[in-house]
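K.L.:
Okay, here's the structure, questions in a sec.
The values are calculated or read from the model by the stated rules, or taken from the named source; none is laboratory data. From a predicted model like this one, the values you see are computed outputs, not experimental measurements. All Cβ positions, even for glycine, are placed from backbone atoms using ideal geometry, and neighbour counts span all protein chains on display. To get the accessible areas, we keep the full protein, side chains included, count just its heavy atoms, and leave off ligands, DNA and RNA. Shrake-Rupley method; radii C 1.70, N 1.55, O 1.52, S 1.80 Å.
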Amino acid sequence: MRAEGLTSLRRVWRDHRRAMWIWAAALAVVTVFYLAFWPMMGEEMAAAIEGMPEGLMAAMGYDRIGTAAGYLEAVIYGLLGPVMLLVYGIGLGGRLIAGQEEDGTLELEFAAPVSRLRIYLERLLGSWLLVATLVVATTVAVLVSGPLFDLGVEPLNVLAASLGLLLLVVGFTTLAFALGAAGARRSAAVGAAAGVAVLAYVFRGVANAAGVEVLGALSPFAWMLDPEPLVHGFEPQSLALLAAISVIAAPLGAWAFARRDLMT
Amino acid sequence: MKAAVIDVRGLVKDYGRTRALAGLDLEVLPGEVYGFIGPNGAGKSTTIRVLMDLLRPDAGEVTVFGQAPQEGGPALRSRIGYLPGELALTGRVTAGEHLHHLASLRGGRGRQRIGQLAERFRLDLGRPIRALSRGNKQKVGVIQAVMHEPDLLVLDEPTSGLDPLLQHEFLELVRELRARGATVLMSSHVLREVESVADRVAVIREGRTVDVDSVDGLRRRAGQRVMLRFAEVPELSSLAALPGVERPRLEGTTFECQLHGEPDALLKAAARHRVIGWVARDRDLEELFMDVYRLGQATGIDAAPGTGAVEAPDAR
Ligand SMILES: Nc1ncnc2c1ncn2[C@@H]1O[C@H](COP(=O)(O)OP(=O)(O)OP(=O)(O)O)[C@@H](O)[C@H]1O
Ligand SMILES: [Mg+2]
């Protein structure tokens, strides 16, 4: 007899929703808090960056920070959002198969009359759902802050930036998840995904500061931010690149997961 | 003979460089309760995990209900109830919620029996699973393994952590399952735990099957411990060479040995001397097992060499 609809997914949600809501509240509070500084910061910022060296400003993404869209990008979409969400997503991705396999709590699910592919897909979907909820919480906080603090950023452009952020975080969550499913220990899967994320972040900084465009082309952070979604809205090509991380990692992980020994 | 429910031949499994199973054989027939005995690290859990398709064999043939575990997939596993050797239960869900979750993974099968089984094993379904004692966690494991009334039960050290009362209750449950026609494979370190329910027993050691027999057969082979006290010192060789006499020892006028088979020859030889005292008691199976563990081979006069010596499961 087949498992009832989405049993594993529902369990993942159930096990993680509490912590997730705490993260959601934290993200929303931090977002509103930083955006609340905009009315004061806006003018000062414009003055302050006047004297900064051009290279440094570019590396920090401060060249546009004097505009509302630039401030929102530098503070939320370029830094706080991805850092917090990646910490959460990569940790979750590493835990949902590798971590729970190591602590033994998946043994009965593996022994149940459910195929490995289905376990894999439901758990992956669970991680996406949790991460997506956090991105939604962040986005709502941004949208609410807009009129409150005179950000003057198009709501549609906020959605475009959030979609990029979602695809980025889902990508790295999927990477950690797939590595763990493929047989990496949880610590290795989390370490590798976090390492790649840090590298991607550094690559974009170096690319912007020193003009090394190859590095920018390789960095998912550049894919997400360089099209300036807060100014120009949706840019399908870079969104597709961000989605490609998951689209490539997920099937490879599933393939390896179906073939290996569990619980060793 | 009916087709075996579990048929394992020459199973080899390595963990990296460690060889956990080195050509293990196991044949469990329909409707029998089968004891799977071996010391720590013998390979019991590894074998069981191969049956559940958690591990994939490196060599050898494994079938469960005629299908390789991997081939059989979810449909095959839906016929099996599995109790892991080390059951990890963490999280804030309650025991009842967890059991419902596991029933849901089986399409809801067994859900309606959760309450009744919890009552029988005195498990509080409202407690969070992480707060359960080891014995109570084991109850959750036992309940989830049997609640869907599977055709085959694969139980890895099912009685560990249960107090004597609940061990008894559990063995009672196993008897009921057998009466209903289920086949049961249960592992243990000690024969004592399974001897009252098992029809047959396999003893494994270092990844190989070293002995297979019915519990009665084992009992017969375990033999007796015999002590004879004589009025004067007898000649050791006249007694030690008799058929069925093993490990003879003479201390003063007292002769001691293990005796397998009929006592006739020993009694007649002893009767040529004046016997002033005698004790003969059945060796318990644990003693036989210590021999098997230590020597890694079958003991006793009619020892079946290794595996395959199959007696009907209902020989008792
Ligand atoms: N995950 C693993 N990685 C490496 N070696 C392992 C692993 N699991 C088991 N082994 C080794 O394989 C052998 C068989 O182990 P197994 O757990 O099957 O024994 P067992 O009979 O169940 O023992 P116990 O009675 O202690 O439960 C042992 O030598 C053990 O050290
Ligand atoms: Mg074991």
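K.L.:
Would you confirm, using the coordinates I've provided, whether B:LEU177 is in a helix (DSSP H, G or I) and surrounded by fewer than 23 Cβ atoms within 10 Å (Cβ to Cβ)? I'd like the intermediate steps shown before the answer.
P.N.:
On the way: in a helix (DSSP H, G or I): yes; surrounded by fewer than 23 Cβ atoms within 10 Å (Cβ to Cβ): yes.
Here the answer is yes, as B:LEU177 does meet what is asked.
K.L.:
Looking only at residues in the stretch B:19-64 that are among the small types (Gly, Ala, Ser) and within 14 Å of chain A (Cβ to nearest Cβ), which one is most open to solvent (accessible area, probe 1.4 Å)?
P.N.:
The selected residue is B:SER45.
K.L.:
Limited to the stretch B:140-166, what total is found for residues that are open to solvent by less than 20 Å² (accessible area, probe 1.4 Å), more than 16 Å from ligand 2 (Cβ to nearest atom) and away from every other protein chain (no Cβ under 14 Å)?
P.N.:
Number of matching residues: 2.
K.L.:
Out of all the residues in the stretch B:113-140, which are part of a helix (DSSP H, G or I) and farther than 16 Å from B:HIS168 by Cα?
P.N.:
B:ARG113, B:ILE114, B:GLY115, B:GLN116, B:ILE129, B:ARG130, B:ALA131, B:ARG134, B:LYS137, B:VAL140
K.L.:
Next up: Filter the stretch B:65-78 for residues that are within 9 Å of chain A (Cβ to nearest Cβ) and surrounded by 18 or more Cβ atoms within 10 Å (Cβ to Cβ) and give the result.
P.N.:
If the condition is that a residue be within 9 Å of chain A (Cβ to nearest Cβ) and surrounded by 18 or more Cβ atoms within 10 Å (Cβ to Cβ), then B:PRO74, B:LEU76, B:ARG77, B:SER78 are the ones that fit.
K.L.:
Next up: With a cut-off of at least 1 residues that are within 12 Å of ligand 2 (Cβ to nearest atom), name the strands (runs of 3 or more DSSP E) lying wholly within the stretch B:1-50.
P.N.:
B:18-28, B:33-37
K.L.:
Got a sec? Which strands (runs of 3 or more DSSP E) wholly within the stretch B:189-297 have at least 1 residues that are buried (at least 17 other Cβ atoms within 10 Å of the Cβ)?
P.N.:
Fully inside the stretch B:189-297 and qualifying: B:200-205, B:208-214, B:224-230, B:245-251, B:254-259.
K.L.:
Now a separate question. Of all residues in the stretch A:189-215, which are at pLDDT 85 or above, open to solvent by 50 Å² or more (accessible area, probe 1.4 Å) and of a type in the set (A, V, I, L, M)?
P.N.:
Selection gives A:VAL196, A:VAL198, A:LEU199, A:VAL202, A:VAL206.
K.L.:
A further question on this structure: Quick check: is even one residue across the stretch B:88-101 within 16 Å of ligand 1 (Cβ to nearest atom), within 28 Å of B:THR47 (Cα to Cα), facing another protein chain (nearest Cβ under 8 Å) and open to solvent by 10 Å² or more (accessible area, probe 1.4 Å)? Steps first, please.
P.N.:
Of the stretch B:88-101, the ones within 16 Å of ligand 1 (Cβ to nearest atom) are B:88.
Now drop any that are not within 28 Å of B:THR47 (Cα to Cα), which leaves B:88.
In the following step, the residues that additionally are facing another protein chain (nearest Cβ under 8 Å) were identified as B:88.
Remaining after also requiring open to solvent by 10 Å² or more (accessible area, probe 1.4 Å): B:88.
Yes, because at least one residue in the stretch B:88-101 is within 16 Å of ligand 1 (Cβ to nearest atom), within 28 Å of B:THR47 (Cα to Cα), facing another protein chain (nearest Cβ under 8 Å) and open to solvent by 10 Å² or more (accessible area, probe 1.4 Å).
K.L.:
Separate question: Suppose the filter is within 16 Å of ligand 1 (Cβ to nearest atom) and more than 14 Å from chain A (Cβ to nearest Cβ); does B:GLY16 pass it?
P.N.:
No: the conditions fail for B:GLY16.
K.L.:
Pairs needed: first member in the stretch A:218-237, of a type in the set (Val, Ile, Thr); second member anywhere, open to solvent by 10 Å² or more (accessible area, probe 1.4 Å); C-beta distance under 9 Å; at least 6 residues apart or different chains.
P.N.:
Listed by first residue and then by second, the contacts come to A:VAL231/A:ARG64; A:VAL231/A:THR67; A:VAL231/A:ALA69; A:VAL231/A:GLU73; A:VAL231/A:VAL153; A:VAL231/A:GLU154; A:VAL231/A:ASN157.
K.L.:
Could you list all residues from the stretch A:154-188 that are over 17 Å from A:LEU239 (Cα atoms), crowded, with 19+ Cβ neighbours inside 10 Å and not aliphatic (A, V, I, L, M)?
P.N.:
A:PHE177, A:GLY180, A:GLY183, A:ARG186
K.L.:
Sticking with this structure for a sec: Considering every residue within the stretch B:44-53, establish whether at least one is more than 9 Å from ligand 1 (Cβ to nearest atom), basic (Lys, Arg) and without any contact (Cβ under 8 Å) to a residue 24 or more places away in the chain.
P.N.:
no
K.L.:
Sticking with this structure for a sec: Would you mind finding the one in A:LEU117, A:LEU106, A:LEU129 that is among the aliphatic types (A, V, I, L, M) and more than 13 Å from chain B (Cβ to nearest Cβ)?
P.N.:
A:LEU129
K.L.:
Just one of B:GLY85, B:GLY126 is open to solvent by 10 Å² or more (accessible area, probe 1.4 Å) and more than 10 Å from chain A (Cβ to nearest Cβ); which is it?
P.N.:
Going through B:GLY85, B:GLY126 in turn, just one is open to solvent by 10 Å² or more (accessible area, probe 1.4 Å) and more than 10 Å from chain A (Cβ to nearest Cβ): B:GLY126.
K.L.:
Any residue in the stretch A:135-155 that is among the acidic types (Asp, Glu), within 14 Å of chain B (Cβ to nearest Cβ) and assigned to a loop (DSSP other than H, G, I, E, B)?
P.N.:
As a first pass, look at the stretch A:135-155 and keep what is among the acidic types (Asp, Glu): A:150, A:154.
Those left that are additionally within 14 Å of chain B (Cβ to nearest Cβ): none.
So far as the stretch A:135-155 goes, no, none of its residues is among the acidic types (Asp, Glu), within 14 Å of chain B (Cβ to nearest Cβ) and assigned to a loop (DSSP other than H, G, I, E, B).
K.L.:
Identify, from the list A:GLY81, A:GLY94, the residue that is more than 14 Å from chain B (Cβ to nearest Cβ) and more than 11 Å from the chain's Cα centre (by Cα).
P.N.:
Among A:GLY81, A:GLY94, only A:GLY94 is more than 14 Å from chain B (Cβ to nearest Cβ) and more than 11 Å from the chain's Cα centre (by Cα).
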